[in-house]
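Accompanying notes for the structure given below.
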Amino acid sequence: MPNITLPDGSVRSFDHPVTVAEVAASIGAGLAKAALAGRVGGRLVDLSHLLDADADLAIVTDKAEEGLEIVRHSTAHLLAHAVKELFPDAQVTIGPVIENGFYYDVDSPTPITEADLPKIEQKMQELSRNKEQLVRREVPKAEALKTFTEKGDQYKVELISDLQDGTISFYTNGAFTDLCRGPHIPNTGYIKALKLTSVAGAYWRGNEKNKMLTRIYGISFPKKSMLDEYLAMMEEAKKRDHRKLGKELELFCFSQRVGQGLPLWLPKGAALRDRLEQFLRGVQKEYGYQQVITPHIGNKELYVTSGHYAKYGKDSFQPIHTPIEGEEYLLKPMNCPHPCELYRSTPRSYKELPVRLAEFGTVYRYEQSGELHGLTRVRGFTQDDAHLFVRPDQLLEEFERVIDIVLYIFKTLKFD
């Protein structure tokens with residue numbers, strides 16, 4: 001007799017095991033209709049999940065952020081299904097939810113382009129109208145490997161090989177089965193509004209040494225009105241795209257000869273940037289920060305000591321080897337170690353604290369070409385970077401000072 005505790009503290013008792021969907025129905029018809037999934041003891045589960053012991057349960061609807069994520073996760077599953085219907089020789093790899101929708105990476109012998117998106121979208125809508133149930137099945141690792149090995153699906157086999165036994169689940173709707181941890185919506189009919197937005201290239205598992213796949217981006221909502229509102233907002237955003245404005249206003253440009261992801265500031269852009277920097281320098285001076293300047297490179301051992309090499313080493317440019325001394329240098333992936341060395345350059349008394357240092361330091365990351373995006377994702381960018389050296393008793397006051405600085409900047413620049 002499971003006792004199910006709801007978020008408001010009330011308890012519902014049952015004389016037999018029940019599914020999450022049955023609990024939702026016992027609360028009310030409206031909730032049963034709106035329910036997408038459940039959260040049991042902090043873990044998201046399908047509506048079909050069986051509760052055979054006492055548990056804490058929250059019903060997830062599309063009003064919750066995680067409910068929208070589940071809808072989009074299921075739409076990515078639907079995208080993979082549609083691709084397999086239209087491109088039978090394609091292999092679908094991974095399809096996560098992202099901040100603004102979802103994507104699915106596909107390896108297709110027949111190239112998939114922007115021109116194919118309308119027919120893929122149409123197939124998805126057709127599959128959605130079929131209201132096929134998404135059925136979960138948990139399988140042993142050996143069975144999972146056997147299933148996808150027989151299909152010749154090298155990507156799923158690689159993913160399954162990295163998983164632990166007892167954690168592998170499939171979802172099936174109609175004739176389509178995919179490897180997925182879930183949860184999903186009960187059936188494809190819950191997907192009411194979707195739009196495929198673009199196609200891009202992406203390396204398998206983000207490694208440039210692997211094969212380039214086709215990444216299909218999309219968006220979905222539980223209601224058509226929400227999709228219409230989003231698409232209208234995106235059209236307005238296109239008019240204000242900084243890449244479009246940067247070209248029209250002659251602010252910045254890029255050159256293949258200089259290198260991808262390395263912006264060049266034109267005179268008008270340089271003037272705008274200088275004006276912004278002068279404003280920020282004034283704010284820093286007003287709040288007691290002193291300007292410093294540090295090199296664009298540093299000895300590799302500096303970043304090993306700071307921990308940045310362990311964190312950013314794979315994303316950094318390859319070390320620069322000096323032919324005579326045999327030292328290794330890096331284009332700095334982060335400014336922080338340099339001001340720390342400045343602080344250590346001379347003995348200091350505790351009475352000198354706090355020491356406030358600031359610089360406009362340029363850092364470098366080797367972003368993959370498919371990830372570069374205007375000025376928002378580049379390989380070299382300048383940060384208004386500040387560093388504090390304080391006593392423990394000064395932490396709260398300095399933290400409040402930093403908050404004041406941020407609020408002042410946002411208010412002055414009229415950021416929402």
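How much net charge surrounds residue 18 when only the other residues with a Cβ under 13 Å from the Cβ of residue 18 are counted, with Lys and Arg +1 and Asp and Glu -1? Counting the neighbours of residue 18, the net charge comes to -3. Across the stretch 1-121, the relative contact order, built from alpha-carbon pairs under 8 Å that are at least six residues apart, equals 19 percent.
Strictly over 26 Å apart at the Cα level, which of 123/244; 285/311; 63/131; 131/223; 244/314; 195/411 would you flag in this model? Beyond 26 Å: 123/244; 285/311; 244/314; 195/411. Distance between Cα centroids, the stretch 158-178 to the stretch 1-56: provide it in whole Å. Using only Cα atoms, the two centres lie 25 Å from each other.
When +1 charges are put on Lys and Arg Cβ atoms and -1 charges on Asp and Glu Cβ atoms, the dipole computed for the stretch 94-208 relative to its Cα centre reaches about 500 debye. Projecting the Cα atoms of 246, 291, 317 onto the charge dipole of the chain, computed from C-beta unit charges around the Cα centre, puts 246 farthest toward the positive end. Taken about its Cα centre, the stretch 1-86 carries a charge dipole of about 220 debye when Lys and Arg each add +1 at the Cβ and Asp and Glu each add -1 at the Cβ. For residue 300, a cut-off of 15 angstrom between C-alpha atoms picks up these aspartates and glutamates, skipping any fewer than 8 places away in its own chain: 315, 325, 327, 328, 341. Electrostatic bookkeeping for residue 289 treats Lys and Arg as +1 and Asp and Glu as -1; over the other residues with beta carbon under 14 Å from its beta carbon, the sum is -3. Between amide H atoms placed 1.01 Å from N, distances below 5 Å from residue 134 occur with 187, 188, all of them 5 or more places distant or on a separate chain. Length gained on full extension, residue 406 to residue 110, computed as 0.36 nm times the residue gap minus the Cα-Cα distance: 101.5 nm. Net charge dipole, the chain: roughly 920 debye, given to the nearest 20, about the Cα centre with Cβ charges of +1 for Lys and Arg and -1 for Asp and Glu.
Since only 19, 387, 144 are under comparison, the one whose Cα sits farthest along the positive direction of the charge dipole of the chain, derived from C-beta charges on Lys, Arg, Asp and Glu, is 387. Kindly state, to the nearest 0.05, the FRET efficiency for residue 161 paired with residue 212, given R0 = 30 Å and r defined as their beta-carbon distance. The formula returns an efficiency of 0.85 here. Amide H contacts under 5 Å for residue 266: 252, 253, restricted to partners 5 or more places along the chain or on a different chain, H placed in the peptide plane at 1.01 Å from N.
Evaluate the relative contact order of the chain (contact order divided by residue number), counting alpha-carbon pairs under 8 angstrom at least 6 apart; express in whole percent.
In percent, rounded to a whole number, it is 10.
A straight line joining the Cα centroids of the stretch 309-354 and the stretch 89-154 runs 45 Å. The mean sequence distance of close C-alpha pairs (under 8 Å, at least 6 residues apart), as a share of the length of the stretch 81-121, puts its relative contact order at 37 percent.
Annotation: amide H of residue 260 has no partner in the under-5 Å range at sequence separation 5 or more or interchain, hydrogens built in the peptide plane. Among 15, 107, 56, the largest mean-square fluctuation in a Gaussian network model of the chain (Cα springs under 10 Å) belongs to 15. For the chain, excluding the exposed loop sites themselves (trypsin sites (Lys or Arg not before Pro), DSSP loop, at most 13 other Cβ atoms within 10 Å), the longest remaining stretch covers 258-347.
Report the local net charge at residue 147: Lys and Arg +1, Asp and Glu -1, summed over other residues whose C-beta lies under 12 Å from its C-beta.
+1
Of all complete DSSP H helices in the chain, those with a Cα span along the helix axis of 30 Å or greater and a mean Kyte-Doolittle hydropathy of -1.0 or more are 65-86. The stretch 210-271 and the stretch 286-305 have Cα centres lying 31 Å from one another. Counting only residues at least eight positions apart within a chain, or on another chain, the aspartates and glutamates with an alpha carbon under 17 Å from that of residue 268 are 248, 250, 277.
Every read-out reported here was derived from the displayed coordinates using simple, explicitly stated rules and does not represent laboratory data. A quick note: this is a predicted structure, and the numbers were derived from the prediction, not measured. Cβ: placed from backbone, ideal geometry, glycine included. Neighbour counts: every protein chain shown.
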